[in-house]
1. Residues in region 121-174 that are free of Cβ contacts under 8 Å to residues at least 40 places away in the same chain, hydroxyl-bearing (Ser, Thr, Tyr) and either under 25 Å from ARG230 (Cα atoms) or not in a helix (DSSP H, G or I) (or both): how many?
2. Check ALA77 against each of (1) out of contact with any strand residue (DSSP E or B) (no Cβ under 6 Å at 6 or more places or on another chain); (2) within 21 Å of GLY14 (Cα to Cα); (3) open to solvent by less than 60 Å² (accessible area, probe 1.4 Å) and name the one condition it does not meet.
3. Output the number of residues of region 110-166 satisfying the condition of being among the hydroxyl-bearing types (Ser, Thr, Tyr) and at pLDDT 95 or above.
4. I need the full set of residues from region 198-255 which are open to solvent by less than 30 Å² (accessible area, probe 1.4 Å), of a type in the set (Val, Ile, Thr) and within 17 Å of the chain's Cα centre (by Cα), in order please.
5. Mind checking which residues of region 131-147 are farther than 12 Å from LEU164 by Cβ and open to solvent by less than 60 Å² (accessible area, probe 1.4 Å)?
6. So which residues in region 44-70 are in contact with a strand residue (DSSP E or B) (Cβ under 6 Å, 6 or more places away or on another chain) and surrounded by 22 or more Cβ atoms within 10 Å (Cβ to Cβ)?
7. Before we move on, is GLU180 within 20 Å of VAL209 (Cβ to Cβ) and either modelled with pLDDT of 95 or more or not in a helix (DSSP H, G or I) (or both)?
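The values are calculated or read from the model by the stated rules, or taken from the named source; none is laboratory data. It should be emphasised that the depicted structure is a prediction, and the values quoted were computed from it without experimental measurement. Because the Cβ atoms are built from the backbone with ideal geometry, glycine has one as well, and the counts that use them run over all protein chains shown. All accessible areas refer to the heavy atoms of the entire protein, side chains included, with ligands and DNA or RNA removed. Shrake-Rupley method; radii C 1.70, N 1.55, O 1.52, S 1.80 Å.
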Amino acid sequence: MIPRIAIQEPTGEGDELLVLGPSLGTSTVLWESTAALLRQHYRVAAWDLPGHGASPAATDPFTVGEIALGVLDAVDALGAGTFLYAGVSLGGAAGLELLLHAPERVRSAAILCSGAKIGTTEGWVERALHVRSQGTASLVVPSASRWFAPGSIERHPDGTGRLLHSLRDADDESYALCAEALAIYDVRALLGNIPVPVLALWGEHDQVVGERQSEEIAEGVQHGTSAPVRGAAHLAPVEQPEAVASSLLAHFGGGR
């Protein structure tokens, strides 16, 4: 089932639309600091996962591919044609699915802190069971150490704190359904079908996905490159907004 996805009204200086996708448990807050820099070059719109931020809660199972189709529906509702895309973790996975389902709609993409497969099936099933029994609030403390590199919380207390609140406030069932979607997500064998230029960025301190997964994407697609984000772990846009914005501008061409 294709979930309903809430997307921001695009704002910014450029003509081209740049769509930004979130990591599991986060919201559009993840991109705020980086988006402020990108809006000098593009019209920027971030979206929320089902049951996160402004998106309505989900009750029926969906796949990562169906999340991507939900994003495409949301972009269509904006009246947009082709666009640029950047997504983190699950938002990056949805980006790869978007490139497989509708490559003609995306001029170029950046996949951050993500992979063609993320984690293990068993781990995601266990996560879904845990959240259904104990709620997303039980993930806040372990996520704080997993999401952020040393010093990130001190450098960006507002953004990192608001993201942890986003996790606490996420709908439990929707989070569990996202985890189950990741449990069956695996596009490693399909990367060669992606013709769109792809930049794969990985956080220097990321313990969730790292250099190996980013290089797998870059080497697997038809036109790919990979690069690190120094001083970041899993949520690079809030940890290193200037570095992420610089990498995206270089990859996308600075707003044409």
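1. 1
2. It is condition (3) that ALA77 fails.
3. Residues flagged as among the hydroxyl-bearing types (Ser, Thr, Tyr) and at pLDDT 95 or above within region 110-166 amount to 7.
4. Passing the criteria: VAL198, VAL209, ILE217, VAL229, VAL238, VAL244.
5. VAL131, GLY135, SER138
6. Result: VAL44, ALA45, ALA46, TRP47, ASP48, SER55.
7. When the stated conditions are applied, GLU180 passes them.
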